[in-house]
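Scroll down for the structure; my scribbles are underneath it.
The values are calculated or read from the model by the stated rules, or taken from the named source; none is laboratory data. As the structure is a computational prediction, the values presented were derived from the model and not from experiment. With ideal geometry, Cβ positions are generated from the backbone for all residues, glycine too; neighbour counts draw on all protein chains shown.
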Amino acid sequence: MNSVFAKHASNVVELFHRLDDAIAHGFLDKFPPEPGVYLFLEDGTPERIGRTNNLSQRLKNHLRQDHGSAAYAFKRARQKLGLKPTYRKGSGRKDLQKDPAFVEVFRAEIERLKTLSVKYVVVEDIAEQYLLEIYSAIEYGFALDEFGNH
């Protein structure tokens, strides 16, 4: 195994346990402006893993009414309405934001996020963030479709 990769990978299990054992915070709590990996939980059950260069800003962005920032709420709204991404002109994110039925579900998903709890671990190293994100997704049994290419 490549020695640089091995060095990054050697920390992943410990980082996962730190994340898993972290204190759960309310979604509206203050978070540090540090890089790291975060975990959304609903009633204590892990639901979503993510990584960021700024925990504070990213978690705030999840609550914005903008499809580009609140990507998780947008994805859940799309799933609830049975809408698959088409990548065709006229049916993209901006177009869905003009649909009152979609906007209603999207806003409800943003409100739901406010009820979730969040665990996080500060991770400075970008390679370790990537590895921890996918390792955690596998450990928690999340679908890996978000790691696919477009």
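Does Leu132 satisfy being within 21 Å of Pro33 (Cα to Cα) and either of a type in the set (D, E, K, R) or in contact with a helix residue (DSSP H, G or I) (Cβ under 7 Å, 6 or more places away or on another chain) (or both)?
yes
Restricting attention to the range 41-63, which residues are under 13 Å from Ala73 (Cα atoms), in contact with a helix residue (DSSP H, G or I) (Cβ under 9 Å, 6 or more places away or on another chain) and surrounded by fewer than 20 Cβ atoms within 10 Å (Cβ to Cβ)?
Glu47, Asn61, Leu63
I'd like to know if the range 55-71 contains one or more residues that are more than 27 Å from Asp99 (Cβ to Cβ) and in contact (Cβ under 8 Å) with a residue 60 or more places away in the chain.
Yes, the range 55-71 contains at least one residue that is more than 27 Å from Asp99 (Cβ to Cβ) and in contact (Cβ under 8 Å) with a residue 60 or more places away in the chain.
What do you reckon, is Arg78 crowded, with 18+ Cβ neighbours inside 10 Å, in contact (Cβ under 8 Å) with a residue 12 or more places away in the chain and more than 24 Å from Asp125 (Cα to Cα)?
Spelling it out, Arg78 is indeed crowded, with 18+ Cβ neighbours inside 10 Å, in contact (Cβ under 8 Å) with a residue 12 or more places away in the chain and more than 24 Å from Asp125 (Cα to Cα).
Out of (1) assigned by TED's automatic domain parsing to the domain that holds Leu28; (2) modelled with pLDDT of 90 or more; (3) under 14 Å from Glu47 (Cα atoms), the odd one out for Tyr72 is which?
It is condition (1) that Tyr72 fails.
Filter the range 116-131 down to residues that are touching a Gly at 6+ places or on another chain (Cβ under 9 Å) and either surrounded by fewer than 19 Cβ atoms within 10 Å (Cβ to Cβ) or among the hydrophobic types (A, V, I, L, M, F, W, C) (or both), then give me how many there are.
Total satisfying the criteria: 7.
Considering only residues that are in a loop (DSSP other than H, G, I, E, B) and modelled with pLDDT of 95 or more, look in the range 12-29 and name the one that is surrounded by the fewest Cβ atoms within 10 Å (Cβ to Cβ).
Ile23
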